[in-house]
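Quick note: the coordinates plus some simple rules give every number you see, no bench work behind them. Nothing here was measured: the structure is a model prediction, and the numbers come from that model. Reconstructed Cβ throughout: ideal geometry from the backbone, glycine too, with neighbour counts over all protein chains shown.
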Amino acid sequence: MSERWLLARKAYFVRDLVRDYCMVYHGVEQQHRLFTRDGLVSYAALRDLLGEANRKGVFWRLKDTAHHLFRQTTDNPPEDAILLWQYAGSASPSGLTVQSPVEALLDWCIGYAFHECAKLREDAFQRQHYSNRLAQLARTPAVTGDLYDPLSELSLQTNESSARELQRILYVLRHGLFLLTRYLGGQGNNRHLARWLAVEDDLARRTFADLYPALLQSLYGQRPHRLFRLAAENLLDAGRPAQARELLLRAQARQTLDEEGLSLLHSLEAGEALERAPS
């Protein structure tokens, strides 16, 4: 993947990074709530979250996106860049690439959480199949204590392992959210990202939680309401004026629309009025 091609598509990759990160975080949180309530996690849900090599889930796609963004060589590294070996399949013949500290740590967090989630999926499989089978065998009269008892603690150990993995995954992903707010500092004009944040406002706010103001600050500085104008402009670029107007009206009702956004809304309303006027 060439640096020129990546640069041309970077706005889309960054949008995908934030979108998929929020979806992954939400999915892991759901499993944490399930485990807290019922003492188990869903193997099927984790299988879908991760996917397979020929049918990648959202977590796998997130990991790939992070690698595309953060593991590329560059002729103009930032001043604080660090040189890291990037395992197999590096774009660099030497296996070395340049990353900023924030990029390197965010890439690490996503990769670490992904592989912890793979371990959690295996624990869920063990619980769903082997722990249940062992419990069935224990209820069989022919299975005596001397045959069963040495194995009886394994199910409990699997549960303890799942609890630790969930804690580690959420801990790492939460810190990754902080790193995301730092990384996104140069994306204030990314209309694709703004559109996703505006359309999926509830998910973004729930995911970033107390870091959401820091996210807006990082992106838009002292003008956080630019978010909705940029999002509306992206919808207009996509030929969706009705959705752009609806988005701006919603922002206006919540008093999160700046003057430029209000001007755009008035322009859209005027255009709609002209279309409705009899010829």
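Details
- Cβ-based exposure ranking for Asp201, Asp48, Asp123, in which fewest neighbours within 10 Å come first: Asp48, Asp201, Asp123
- Taking other C-beta atoms within 10 Å as the exposure proxy, Trp108, Trp60 rank Trp108, Trp60 from fewest upward.
- Within-13-Å neighbourhood charge of Asn234 [Cβ basis; K, R +1; D, E -1]: +4
- Taking a ≥ b ≥ c as the square roots of the eigenvalues of the alpha carbon gyration tensor, the range 187-279 is prolate, as a/c is not under 1.5 and a/b beats b/c.
- The H on the amide N of Ile82, modeled in the peptide plane, is under 5 Å from the matching H of Gln99, Ser100, each at least 5 residues off or on a different chain.
- Surrounding net charge for Leu193, when Lys and Arg each add one and Asp and Glu each subtract one, Cβ distance under 10 Å: +3
- In the chain, helical runs assigned H by DSSP with n ≥ 4 each contribute -39500 (n - 2.57); averaged across all residues and rounded to the nearest 500, the mean residue ellipticity at 222 nm is -22500 deg cm²/dmol.
- Surrounding net charge for Arg61, when Lys and Arg each add one and Asp and Glu each subtract one, Cβ distance under 14 Å: 0
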